[in-house]
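These notes concern the structure reproduced below.
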Amino acid sequence: MGFQTEFNSVCKFKSEQELYELLEYGRGKMKKSGLRIFPTGQKVIAYTPDNTAVAIVKIVASIAEINFQGEEVTEVEMELVRKLTDEESRIQTALAFEMFFGEQKV
């Protein structure tokens, strides 16, 4: 058991539904496996499951726990600051592939 620190400017969604709820309603949450630390109060870039930058979000809560099934999970609650423009998305996506996600498939 141990905590994994998330990089302070990346919030990658694994679920399209969780991302849809955030973009549609302005607030949302995502569940991650493992115990993680997210920077509560900080603004970060949100990425789709296919690693495309889509929005700036503010982390409002991060709750790491071991659930009743014995699984280590972290729930992150956030609010939408704003969606990125097409140009911002393109640039942030390219930078994220270079820095975090590895080579981008063309």
Which angle between 0 and 90 degrees, to the nearest 10, do you get for helix 16-25 versus the longest principal axis of the chain when only C-alpha atoms count?
-> 80 degrees
If the chain were replaced by its equivalent ellipsoid, with semi-axes equal to the square roots of 5 times the Cα gyration tensor eigenvalues, what would those be, largest first, whole Å?
-> 23, 16, 12
Relative to the first principal axis of the alpha-carbon coordinates of the chain, what is the inclination of helix 86-96, with its axis defined by its Cα atoms, in degrees from 0 to 90 and to the nearest 10?
-> 60 degrees
If you take every DSSP beta bridge whose two residues both sit in segment 6-101, what share of them, in percent to the nearest 5, is antiparallel?
-> 90 percent
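Return a whole-number percent for the relative contact order of the chain, with Cα pairs under 8 Å and 6 or more residues apart as the contact set.
26 percent
Each reported figure results from applying straightforward, stated rules to the coordinates on display, with no laboratory input. A quick note: this is a predicted structure, and the numbers were derived from the prediction, not measured.
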